[in-house]
Amino acid sequence: MTSPTTPITTTVAPTRTWSAVLFDLDGTIVDSASDITASLAHMFTELKLDVPSEDVLLAYVGPPLLDSLRLSAGFDDAEAWAALNIYRDHYADNVLNSPVFPGVAGVLERLHAAGIPVALATSKPESMARKVLDHADLTRFFDVIAGASDDEERSTKADVVAEALRRLQAKGIDTGNAVMVGDRGYDTLGAAANGVPTILVEWGYGSPAEAGDAMAVVHSADQLRNLLLG
């Protein structure tokens with residue numbers, strides 16, 4: 001999002017106690033856009049296709065990539081899988097380059113210290129997401145790490161959020177008052193499909209138009225911490 005001075009907007013009191021907090025990864029915890037778009041550009045080049053503009057490539061960041069390759073690039077199923085494999089092979093060499101956004105590690109640490117269960121719910125492949133968190137030394141703050149399956153059978157944000165909630169519940173964790181933290185409208189829609197409200201962060205890759213259905217929008221880690229912890 002692009003308005004760093006926009007004040008926080010919320011429909012709930014910041015002192016609300018959450019039973020669990022779910023986080024998106026790309027654009028919320030780590031700044032991965034340049035690495036993802038570089039691998040997308042490589043993919044198009046390998047396929048001998050024109051490389052889209054940076055804005056178009058950035059639109060691929062967030063939604064399930066296989067779906068985007070079908071819908072935005074116009075690939076059929078076989079072409080989309082071939083492209084996805086080229087992308088994954090290239091991105092695997094760069095996935096650990098993405099830095100953590102300033103202040104986010106501190107928010108995760110504070111949630112963990114307060115005893116509030118935390119889950120990852122990302123459309124990035126789960127095995128890859130775990131490597132990112134391990135590399136950033138953030139895995140220790142998460143009770144559950146849920147992502148897309150390698151076969152893309154679980155890839156939509158709604159399905160990933162449902163899986164994160166299921167795994168939390170399997171640990172005996174109350175998810176009746178959970179909240180999602182993300183940066184795109186896809187996060188809001190996927191969480192809403194599971195009855196979970198969303199806080200959107202402005203430092204990610206969404207546009208202001210995507211914030212309409214969010215419970216709140218924050219532009220700093222301090223604001224996020226206050227909404228989550230009071």
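The values are calculated or read from the model by the stated rules, or taken from the named source; none is laboratory data. Since we're looking at a predicted model, the values are computed, not measured. Neighbour counts run over all protein chains shown; Cβ positions are idealised from the backbone, glycine included. What goes into the accessible areas is simple: the full protein's heavy atoms, side chains included, and nothing from ligands, DNA or RNA. Shrake-Rupley method; radii C 1.70, N 1.55, O 1.52, S 1.80 Å.
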- prompt: So which of Ser123, Ser127 ends up being open to solvent by less than 60 Å² (accessible area, probe 1.4 Å) and among the polar types (S, T, N, Q)?
  reply: Ser123
- request: Test Asp159 against the stated conditions and say whether it is closer than 15 Å to Ile116 by Cβ, at pLDDT 95 or above, open to solvent by 30 Å² or more (accessible area, probe 1.4 Å) and among the acidic types (Asp, Glu).
  value: no
message: Out of Leu138, Leu168, Leu133, I need the residue that is open to solvent by less than 10 Å² (accessible area, probe 1.4 Å), over 16 Å from the mean Cα position of the chain (by Cα) and not β-branched (Val, Ile, Thr). Which one?
response: Leu168
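For the range 164-183, which residues satisfy the criterion of being closer than 18 Å to Leu25 by Cα and in contact with an Asp or Glu (Cβ under 9 Å, 6 or more places away or on another chain)?
Arg167, Leu168, Met180, Val181, Gly182, Asp183
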- prompt: Filter the range 189-230 for residues that are of a type in the set (S, T, N, Q) and without any contact (Cβ under 8 Å) to a residue 60 or more places away in the chain; which is surrounded by the fewest Cβ atoms within 10 Å (Cβ to Cβ)?
  reply: Asn194
